[in-house]
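Presented below is the structure to which this report refers.
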Amino acid sequence: MDLITSTEALASACERLARHPFVTVDTEFLRETTFWPKLCVVQVASPEEAIIIDALAEGLDLDPLYRLMADHKVMKVFHAGRQDIEIIWHQARLIPHPVFDTQVAAMVLGYGDSVSYDQLVQRVTGHAIDKSSRFTDWSRRPLSQAQLTYAVADVTHLRDIFLKLTADLDARGRGEWVGEEMRVLTSPATYEQSPDTAWERLKSRVRKPRELAVLVEVAAWREREAQTRDMPRGRIVKDEVIAEIAVQAPQTPEKLAELRSLPKGFERSRFGEAVLEAVRKGVARDPKTLPRIERDKPLPNGASATVELLKVLLRMTAEQNAVAAKVIATTDDLERIAVDDAADVPAMQGWRRELFGERALALKAGRLALAVDKGRVVAVERD
C-alpha cells in the first residue's frame with residue numbers, strides 16, 4: 001500500500017495501474033456541510049498493488065487519475081459506485097468507462113437486494129471488515145493508520161469479489177444483464193443536477209397549476225443558490241418550506257412573514273427577496289409552459305388482485321433463478337403490466353421479459369397457473 005501525496009508519484013502509480021485489465025476504485029468524501037462532495041481520499045488497486053491518494057495534499061494534481069478513469073482499456077470496478085462516479089463527473093467532467101458495479105452484479109446473481117460491501121466481502125471471501133473508520137473525518141490530516149487500513153480494504157477485497165462475480169456471470173450467461181444496468185450508471189444524465197428539474201425531487205403534492213409554477217421557480221432558485229454557494233439545499237430553504245410557499249404563493253414581505261415555517265426576519269433577508277421574486281415569476285408563468293405531472297391513477301377493479309398474483313410470480317421467478325426481485329421488476333412495473341399487456345416498462349424488455357415478462361402475460365391470460373408443491377410455489381402450464 002502506497003500513500004500518494006504528489007503529482008509525480010500519482011502519475012507513476014497510474015502508469016503502472018493502467019497496465020492491468022482492471023482496477024478497483026473507491027472514494028472517501030464529506031458532504032454534510034456542502035452541496036458538492038468534498039473529495040478527501042481515493043483508493044485504487046490493481047491485481048498487484050494498492051494505492052491511497054490523498055486528494056487534499058497540497059499541490060497534488062489528480063489529472064493522472066482522471067486519465068486512468070477515462071482509459072477504455074482498463075475496467076473500473078466499483079461497489080455501489082454511483083456516488084463515486086458522481087464525484088469524478090463533478091471534478092473532471094468525465095464518466096469512468098468501462099465500469100463494473102459489484103452491487104449490481106451481486107443482485108443479478110442472487111445475493112439479495114442492494115447487498116452491502118461488507119456483507120459481500122464476508123460471503124465471497126470469508127473476511128470481516130472493520131467499519132469503525134467509515135464515518136470518521138476524512139478531511140483531517142494526518143490520516144490515521146486505522147483510516148488507511150480501512151481505506152485499502154475497500155479496494156483489495158473488491159478484487160476478489162470482482163473475479164468471483166465475473167466468473168459466475170460468465171458461467172451463467174448473465175454478463176449482458178449487468179451491461180444493461182451499467183448504461184444507466186455511465187450516462188451523464190444520471191448525474192446532471194439542473195435547477196429546472198429540481199422540483200422533481202420534492203415530495204410535494206401540489207394540485208393547481210399556479211402551485212406547480214411557484215414550486216418549479218422556488219426550487220430552481222434554491223438549486224442555483226445551493227450550487228453557487230456550495231451549501232446543502234436544506235441550509236438555504238428546507239423542502240417543506242418550499243412546499244408551503246408553493247401553496248400560499250406569498251408575493252409581499254408581509255405575506256411571506258406569515259409563514260410559520262420560516263424563521264423570523266427571513267422576509268427582510270436577501271433570501272427572502274429572492275424567494276418573493278421567484279414566487280412572482282411562478283404566478284406570472286404561462287400554465288402551458290409547465291411540466292406535466294403524471295398523477296397516480298387508482299387501479300381498475302380487479303387489478304389489485306392481479307398485482308398480488310404478479311408479486312407472487314415475481315418472487316417465485318427471483319428465487320428459482322437466484323436473481324434479486326428488485327432487479328427484475330418494481331411494484332410500478334407490476335401495476336402497469338396488470339392493466340396493460342403492452343406496458344412500456346423495463347420488466348417487459350430484454351432479458352427481463354424473457355425471464356419474467358412473458359410469464360406475467362401468460363399468467364394474466366390464464367395460460368399459466370400458480371400452485372403449491374411440497375411447500376413451494378410453482379408455475380403450471382395450462383392448455
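The values are calculated or read from the model by the stated rules, or taken from the named source; none is laboratory data. Because the structure is a prediction, the values reported are computed rather than measured. Because the Cβ atoms are built from the backbone with ideal geometry, glycine has one as well, and the counts that use them run over all protein chains shown. Keep in mind that these areas ignore ligands, DNA and RNA; they rest on the heavy atoms of the full protein, side chains included. Shrake-Rupley method; radii C 1.70, N 1.55, O 1.52, S 1.80 Å.
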Residues in the range 265-275: is at least one in contact with a helix residue (DSSP H, G or I) (Cβ under 7 Å, 6 or more places away or on another chain), over 20 Å from Glu223 (Cβ atoms), in the same structural domain as Arg210 (by the TED database) and loosely packed, with under 14 Cβ neighbours inside 10 Å?
-> yes
Counting only residues that are among the acidic types (Asp, Glu) and either in contact with a Cys (Cβ under 9 Å, 6 or more places away or on another chain) or farther than 16 Å from Met1 by Cα (or both), how many does the range 134-163 have?
-> 2
Those residues that are in a helix (DSSP H, G or I) and open to solvent by less than 50 Å² (accessible area, probe 1.4 Å), I need them from the range 140-158; list them, please.
-> Gln147, Leu148, Tyr150, Ala151, Val152, Ala153, Asp154, Val155, Thr156, His157, Leu158
Count, please, the residues in the range 276-321 that happen to be assigned to a loop (DSSP other than H, G, I, E, B) and either open to solvent by less than 50 Å² (accessible area, probe 1.4 Å) or without any contact (Cβ under 8 Å) to a residue 24 or more places away in the chain (or both).
-> 12
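A quick yes/no check of all residues on (1) in the same structural domain as Lys38 (by the TED database); (2) open to solvent by less than 60 Å² (accessible area, probe 1.4 Å); (3) at positive phi; (4) modelled with pLDDT under 95:
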| site | (1), (2), (3), (4) |
| --- | --- |
| Glu176 | yes, no, no, yes |
| Met182 | yes, yes, no, yes |
| Ser204 | no, yes, no, yes |
| Lys208 | no, no, no, yes |
Only one of (1) over 30 Å from Asn321 (Cβ atoms); (2) open to solvent by less than 90 Å² (accessible area, probe 1.4 Å) fails for Asp196. Which number is that?
-> (2)
Members of the range 117-139 that are hydroxyl-bearing (Ser, Thr, Tyr), touching a residue at least 12 places away in the same chain (Cβ under 8 Å) and either assigned to a helix (DSSP H, G or I) or out of contact with any Lys or Arg (no Cβ under 9 Å at 6 or more places or on another chain) (or both) = Tyr117, Thr125, Ser132, Ser133
Quick one: which of Ala360, Ala365 is surrounded by 16 or more Cβ atoms within 10 Å (Cβ to Cβ) and farther than 20 Å from Leu109 by Cβ?
-> Ala360
Within the range 103-115, identify whether any single residue is free of Cβ contacts under 8 Å to residues at least 24 places away in the same chain and of a type outside the set (D, E, K, R), and answer yes or no.
-> yes
